[in-house]
Amino acid sequence: MKRILIVDDAATVRLFNRQILEQAGYRVDEAINGIEALEKCLQAPYDLYLVDVNMPLQDGFSFLRQLRAQPIAQAPAVMISTEAAEHDRQQAWEAGANYYLTKPIKPDALLRLASLLTGGSIQ
């Protein structure tokens, strides 16, 4: 079973994404900021990261830069934000993101992307 870590400070966003992904057969963990997420990543590997940009204590860009610097197996990361400007996308790529989505996320798009990035078949 593929493991996905949702990193977002909004409980409603985490719950929404978790329900969609778990119904599709993914195992989902959550973190409320980049610090908690990095701790989880160092304990066990994930197949995909869904990372919000704006979070307290450590934002998504900083989390991804730290994650990519770790000597652990790396997995794809999707940055998720309400910001849609080109410089936001550029900053995500520079931090180590593989894909960038703007909120709100449509469930079918989330599932297709999760499947593609975890090596599954596109639904």
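The values are calculated or read from the model by the stated rules, or taken from the named source; none is laboratory data. Bear in mind the structure is a predicted one, so any value in this text is a computation, not a measurement. Quick reminder, even Gly has a Cβ in these numbers, built from the backbone with ideal geometry, and neighbours come from all protein chains shown. These area figures cover heavy atoms from the full protein model, side chains too; ligands, DNA and RNA do not enter into them. Shrake-Rupley method; radii C 1.70, N 1.55, O 1.52, S 1.80 Å.
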Could you sort I32, I80 by accessible area so the largest value comes first, with the probe set to 1.4 Å? I32, I80
Which far-off residues, 5 or more places away or on another chain, put their amide H under 5 Å from the one on Y99, with H placed in the peptide plane? A77, M79
At 7 Å along Cα-to-Cβ for each site, give me the label-to-label distance between R112 and R68 in nm. 2.6
Given only helices, namely DSSP H runs of n ≥ 4 each adding -39500 (n - 2.57), what is the per-residue ellipticity at 222 nm of the chain, to the nearest 500 deg cm²/dmol? -13000 deg cm²/dmol
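If eta is 1.567 mPa s and T is 4 °C, what Stokes-Einstein diffusion coefficient results for the stretch 55-107, Kirkwood Rh from Cα pairs, in µm²/s?
For the chosen part, D equals 111 µm²/s.
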The alpha-carbon center of the stretch 67-100 and that of the stretch 7-62 are separated, in whole Å, by 13
Per the 1.4 Å probe, what fraction of the accessible area of the chain, in percent, lies on carbon and sulfur atoms? 53
Just the number please: accessible area per residue for the stretch 1-53, 1.4 Å probe, all protein chains included, in Å². 46
Among A84, A92, A75, which one shows the highest mean-square fluctuation when the chain is modelled as a Gaussian network with alpha-carbon springs under 10 Å? A84
